[in-house]
Amino acid sequence: MPLTLPQGQTDNFYLYGTAPFLGALLGPGQTISAVSADPLTVILTPDPTAVPVRTGDASATVPAGTPTVLSGVVSSPASPAQLNTLIVCTATVLNADGSTAESLTDTVEISTTAATAIGDLFGSATTVTSSTAKAKK
Amino acid sequence: MGWPFDERKLDKIQRDQDLIIELEEANSRKLDRILWEQKRILAILTKSPATEFSFLFGKGRQ
C-alpha cells in the first residue's frame, strides 16, 4: 500500500512473506534488498537485522510479531528533490545463484500537504463536580 | 390455517435451524483455521521458503 510521508518525517517499512504462509522467511542463500528509484527524495535505510512487525504498525491482516525478511526506516533528505511525486521503491529477492526470485514495488510520496496531526473535533471536556453541576443548573 | 399446529413448535424448529446454521459456520471457520495451521507447520517442517512477499509501511513516527 503506497505511503504518503509528510516532509521531514520518517516511518518504518517491512517486507514480509505472504505465501506459503504469513511470515514465511527467505530460502537458503536467498538475499533481499530494497531500493528507492530516487534516493534524493526517498531514502530506505534497512535495519541491520530484520525486526518483526511492531505493535504500532500492526493490522488485522498483518499482526504484531509477524516475522519479516527486511525492515528499516523510510525517510527523505532535508531538501527532497521531488515533492508530491510518487517514488517507486523496489524490493528484490535474489536466489543463491544470483537469479531473481521475486521483485515487487510500492510507492512513497513525500508530501508537503499531508496532515501531521489531527485536531479535536469537540472541545475539551469539563469535569463536572458537585459545585460545577450546581452552577450549571 | 386448515389444520391445527403448535406455534411454539414452529418457533422451536426455526430456532433449531438457526442454531444448526450457526454451528456449521463456526465449524467451517475452525476447519479453515486448522487447515491453515497445518499448512504453516508443514511449510516450516519442510523449510519451504516464502514464495510471495509484500511491502508494509508503518503508521508514522517522527
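The values are calculated or read from the model by the stated rules, or taken from the named source; none is laboratory data. Treat the numbers as computed from the prediction; the structure is a model and nothing was measured. Cβ placement follows ideal geometry from the backbone for every residue including glycine, while neighbour counts extend to all protein chains displayed.
Kindly indicate whether any position in segment A:35-48 is facing chain B (nearest Cβ under 9 Å) and either outside any strand (DSSP E or B) or of a type outside the set (Val, Ile, Thr) (or both). Within segment A:35-48 (the criterion being facing chain B (nearest Cβ under 9 Å) and either outside any strand (DSSP E or B) or of a type outside the set (Val, Ile, Thr) (or both)), the answer is no, since none of the residues qualifies. Only residues that are under 14 Å from the mean Cα position of the chain (by Cα) and either more than 11 Å from chain B (Cβ to nearest Cβ) or without any contact (Cβ under 8 Å) to a residue 24 or more places away in the chain (or both) were counted in segment A:64-77, giving 2. Looking only at residues of segment A:79-92 that are assigned to a loop (DSSP other than H, G, I, E, B) and touching a residue at least 40 places away in the same chain (Cβ under 8 Å), we find that the one that is surrounded by the most Cβ atoms within 10 Å (Cβ to Cβ) is A:Pro80.
Yes/no per residue for (1) modelled with pLDDT of 90 or more; (2) within 16 Å of the chain's Cα centre (by Cα):
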position: B:Pro4; (1), (2): no, no
position: B:Ile13; (1), (2): yes, no
position: B:Glu25; (1), (2): yes, yes
position: B:Ser28; (1), (2): yes, yes
position: B:Asp32; (1), (2): no, yes
position: B:Ser48; (1), (2): no, no
position: B:Glu52; (1), (2): yes, no
position: B:Gly60; (1), (2): no, no
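The set of residues in segment B:31-45 being among the β-branched types (Val, Ile, Thr) and either within 25 Å of A:Tyr14 (Cα to Cα) or at the interface with chain A (Cβ under 8 Å from one of its Cβ atoms) (or both) consists of B:Ile41, B:Ile44. Across segment A:56-74, the qualifying residues are those that are surrounded by fewer than 18 Cβ atoms within 10 Å (Cβ to Cβ) and not hydrophobic (A, V, I, L, M, F, W, C), and the one among them that is nearest to A:Gln30 (Cα to Cα) is A:Pro67.
For segment B:19-46, residues that are surrounded by 10 or more Cβ atoms within 10 Å (Cβ to Cβ) and under 12 Å from A:Pro20 (Cβ atoms) total 8. Looking across segment A:78-109, the residues that are more than 9 Å from chain B (Cβ to nearest Cβ) and more than 20 Å from the chain's Cα centre (by Cα) come down to A:Ser79, A:Ala81, A:Leu94, A:Asn95, A:Ala96, A:Asp97, A:Gly98, A:Ser99, A:Thr100.
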